[in-house]
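What follows is a single structure, written as structure tokens, with notes after it.
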Amino acid sequence: MDNDVFYRELPKVELHAHLNGSVSAQTIEKLISRKPHLNIEHSMTAIGKGQRRTLDECFEVFRVIHKLVDTEEDILMVATDVIKEFAADGVKYLELRSTPREERDTGLTKKTYIETVIKAIQKCKEEGADIDVRFLVAIDRRNGTEVALETVNLAEEFMLSSDGLVVGVDLSGDPTVGHGKDLLPALQKAKNSGLKLSLHLSEIPSQLDESDLLLSLPPDRIGHGTFLHPEVGGSQSLVNKVVQKKIPIELCLTSNVKGNTVPCYSKHHFKYWYELGHPTVICTDDKGVFCTDLSQEYQLAASTFGLSHEAVWKLSQQAIDCIFGPEIVKQQLQEKWNDLHPQLF
Ligand code: 6MZ
């Protein structure tokens, strides 16, 4: 089987995808044509092949995309397109995450924001897309204690009313801004109410205290964890906590290379955690901004670290254990993987 076809056909689980970072070039074009007065060009919303930016510059890109996505209609289109694109890439289970925003000019509220994402998920299901989608409500770390609590309250409300579609909370945003200690009460509240937690941890150096504090919750999954291990200035005690609690790590190779937090693919911390035998899940982070897709991320991991097709299969199958969806969904996904295995090998 052709190598590209193998990766496309490989059934995959995507657990770390920010909605507005995942908007494809085609959808950006549609948004630009809706809002020509903004004078936004596609080059301002994506980081192309071979290009690298600082994390700061990446966050500027998100601000541009947010200007383009500021109505319910935009969110419905963006979320529907993103879900269908993941499905077309062979993703069978997707956990999307997004930060609810309010926009005074358009009347968008945080509540209608979440409702609209849920509507998009239901619409894709009704239209027969071969993908199970769940939603994580994101807390932007720069907004502090009060907003974090408000976000968790909303997430709790939707966990009860969304037919199981809202399954957790994400902590993300510019890692140079704010401190986890201010967000701890909100995260603890979310956990107590049964929401799962996926937290961006140690995405940049010098967050060791914060990571130690947040690991005490503990989170159910870690995003990036780039600087947790001692080889890059982290600590053995942090690694021990992650390993003892078996907390899966979501790893996004291209995002970290293009955002300049790792020097090159071969130095990516995938190697460290994979060799430890620790549960790692390959993800895209922001497939639109970083111009990638999940098939390509698996292929890059395999070619960089010499993984066989069997090893890649195991990696994609092992991701099923790390989802926040219920046990029954895990069983259904395992069956799907078992059915598809003979077609690939
Ligand atoms: C931290 C990130 C991120 O929420 O508007 N986001 N947070 N590190 C990253 N690494 C590159 N990539 C994306 O999607 C965009 C938002 O997701 C978070 C940021 O808060 C960004 O504003 P939503 O759908």
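The values are calculated or read from the model by the stated rules, or taken from the named source; none is laboratory data. Computed from a predicted model, the values in this text were never measured in an experiment. Heads up, the Cβs are rebuilt from the backbone with ideal geometry, glycines too, and the neighbour counts pull from every protein chain shown. The accessibility values were calculated without ligands, DNA or RNA, using every heavy atom of the protein model including side chains. Shrake-Rupley method; radii C 1.70, N 1.55, O 1.52, S 1.80 Å.
Taking the solvent-accessible surface of protein heavy atoms with a 1.4 Å probe, what is the per residue accessible area of the chain in Å²? Before the final figure, lay out each step's value.
Details: 14220 Å² over 345 residues.
I get 41 Å² per residue for the chain.
Give the carbon-plus-sulfur fraction of the accessible surface of the chain in %, rounded to a whole number; probe 1.4 Å, heavy atoms of protein chains only.
Details: 7110 of 14220 Å².
Carbon and sulfur atoms account for 50 percent of the accessible area of the chain.
Each residue, ASP56 and PHE305, gets one label point 7 Å from its Cα in the Cβ direction; the gap between the two is 3.1 nm.
When the chain is treated as a GNM with alpha-carbon contacts under 10 Å, the residue of TYR298, TYR265, TYR274 showing the greatest mean-square fluctuation is TYR274. Of the cross-linked pairs LYS110/LYS336; LYS123/LYS246; LYS92/LYS267; LYS92/LYS191; LYS189/LYS314; LYS12/LYS191, those separated by over 32 Å at the C-alpha level are LYS110/LYS336; LYS123/LYS246; LYS189/LYS314. Counting only heavy atoms of the protein chains and using a 1.4 Å probe, ILE328 has close to 100 Å² of accessible surface.
For the chain, the residue among CYS291, GLY178, PRO326 whose Cα projects farthest onto the positive side of the dipole built from Cβ charges is GLY178. GLU29 contributes an accessible area of around 100 Å² to the protein surface, as traced by a 1.4 Å probe with all chains present. Placing +1 on the Cβ of every Lys and Arg and -1 on the Cβ of every Asp and Glu, with no other charges, gives region 176-311 a dipole of roughly 300 debye about its Cα centre. What is the distance in Å between the Cα centroid of region 253-305 and that of region 24-49? Comparing the Cα centres of region 253-305 and region 24-49, I get a distance of 25 Å. With the charge dipole of the chain set up from +1 on Lys and Arg Cβ and -1 on Asp and Glu Cβ about the Cα centre, the Cα lying farthest toward the positive end among the listed residues VAL147, ALA88, SER303 is that of SER303.
Taking every C-alpha pair closer than 8 Å and separated by at least 6 residues, the mean separation divided by the residue count of region 40-194 gives a relative contact order of 20 percent.
Taking the Cβ of HIS179 as the centre, find all other residues whose Cβ is under 11 Å away and add up their charges (Lys, Arg: +1; Asp, Glu: -1). The partial results should precede the final answer.
On the way: positive: ARG141, ARG142, LYS181; negative: ASP182, ASP209, GLU210.
Every neighbour counted, the sum reads 0.
Of the three principal axes defined by the Cα atoms of region 62-198, the extents in descending order read 42, 34, 26 Å. For the pair VAL5 and SER33, the difference between a 0.36 nm per residue extended length and the Cα-Cα distance amounts to 6.7 nm.
Taken about its Cα centre, region 64-178 carries a charge dipole of roughly 180 debye when the Cβ of each Lys and Arg holds +1 and the Cβ of each Asp and Glu holds -1. How would region 229-345 be classified by its alpha-carbon gyration tensor: rounded, prolate or oblate, with rounded meaning a/c under 1.5 and the a/b versus b/c comparison settling the rest? Oblate, because a/c is 1.5 or more while a/b does not exceed b/c. Within the chain, the proportion of C-alpha pairs whose separation exceeds 25 Å stands at 49%. Positive end of the dipole of the chain, charges at C-beta (+1 Lys, Arg; -1 Asp, Glu), about the Cα centre: which of SER24, LEU215, HIS66 has its Cα farthest in that direction? Of SER24, LEU215, HIS66, it is LEU215. Of all DSSP beta bridges confined to the chain, the antiparallel ones make up roughly 5%.
For region 141-202, a simple Cβ point-charge model (Lys and Arg +1, Asp and Glu -1, everything else neutral) yields a dipole of about 260 debye relative to the Cα centre.
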